[in-house]
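Working notes, structure below.
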Amino acid sequence: MGVIELLVLALGLSMDAFAVSICKGLSVPKLQAKHCLICGVYFGGFQALMPLIGWALGIRFQSMITNIDHWIAFVLLAVIGANMIKESFSKEEECPDASFGFKTMLTLAVATSIDALAVGVTFAFLDVSIVPAVLLIGATTFVCSTVGVKIGNVFGNRFQSKAEFLGGLVLIAIGLKILIEHLFFGG
């Protein structure tokens, strides 16, 4: 997996955190830099940690499922992407409260990074250098989350569902690319 593909994947994964960051920005009457940094550190940190954990788990089973690894990668990414697209059409208000406390942020960070755990499992079956990959995912999510808080505070929730929809499409496209490369080009 090349740098461009990893960056696109990182952007796709960061869209859940971006959407929640927009909501956090909406919930703050007077935005301060610390609000942006708190979201960036929590979301970026967990988006980096979870694929690392998934990769470590995937490595344990890699030898047993090498023949179907491309299907596993495709199915995981397609399911995660489809779920993100489905959530983008949800009419439910999912905006969290204005709290930036440890318990609230930890819960949100874990919830928005579960998909990154599954992606980490797929990394075990692909040609991915794990440390640069998780650093890129974490840094990308940090930037998207800090910007998301500001966007939410300024523009409201206009971009939330579009971000989730786009993130879902990106993950499905990457899953399809992995499957097609393996099936037709021996990748």
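Based on a Kirkwood Rh over C-alpha pairs, give the Stokes-Einstein translational diffusion coefficient of the chain at 37 °C and viscosity 0.692 mPa s in µm²/s.
200
Which percent of the accessible heavy-atom area of the chain goes to carbon and sulfur, probe 1.4 angstrom?
Working: 6630 of 9350 Å².
Looking at the chain in its full context, I get 71 percent from C and S.
Grab the beta carbon distance between residue 79 and residue 180, set R0 = 22 Å, and tell me the FRET efficiency rounded to 0.05.
0.80
Going by average Cβ density within 10 Å per residue, which order do the peptides 17-27, 80-90 take, highest to lowest?
Numbers: 17-27: 26.5, 80-90: 17.2.
Those peptides, ordered most packed to least, come out 17-27, 80-90.
In nanometres, what is the gap between the two model label sites at residue 62 and residue 173, each 7 Å from Cα along Cα-to-Cβ?
Each label point is offset 7 Å from its Cα along the Cβ direction, giving 2.8 nm.
Between 0 and 90 degrees, rounded to the nearest ten: what's the tilt of helix 33-61 against the longest Cα principal axis of the chain?
The two axes meet at around 20 degrees.
In Å², and per residue, what accessible area does the chain have when probed at 1.4 Å with the other protein chains present?
On the way: 9350 Å² over 187 residues.
Averaged over the residues of the chain, the accessible area is 50 Å².
Label point 7 Å out from residue 111 along Cα-to-Cβ: which residues of the range 2-32 have amide N under 16 Å?
Taking a point 7 Å out along Cα→Cβ of residue 111, the residues of the range 2-32 whose backbone N falls under 16 Å are 15-28.
Can you pull the Kirkwood radius for the range 22-84, inverse mean 1/r over Cα pairs, to one decimal in Å?
Numbers: mean 1/r = 0.0680 Å⁻¹.
Radius from the Kirkwood sum: 14.7 Å.
Computed over the Cα atoms, what is the radius of gyration of the range 7-115 divided by 2.2 N^0.38 Å, N being its residue count?
Details: Rg = 16.1 Å, N = 109, 2.2 N^0.38 = 13.1 Å.
Scaled against compact globular proteins, the figure is 1.23.
The values are calculated or read from the model by the stated rules, or taken from the named source; none is laboratory data. On a predicted model such as this, the values are computed, not experimentally measured, just so you know. Backbone-built Cβ (ideal geometry, glycine too); neighbour counts: all protein chains shown. Note: areas computed on protein heavy atoms with side chains; ligands, DNA, RNA excluded. Shrake-Rupley method; radii C 1.70, N 1.55, O 1.52, S 1.80 Å.
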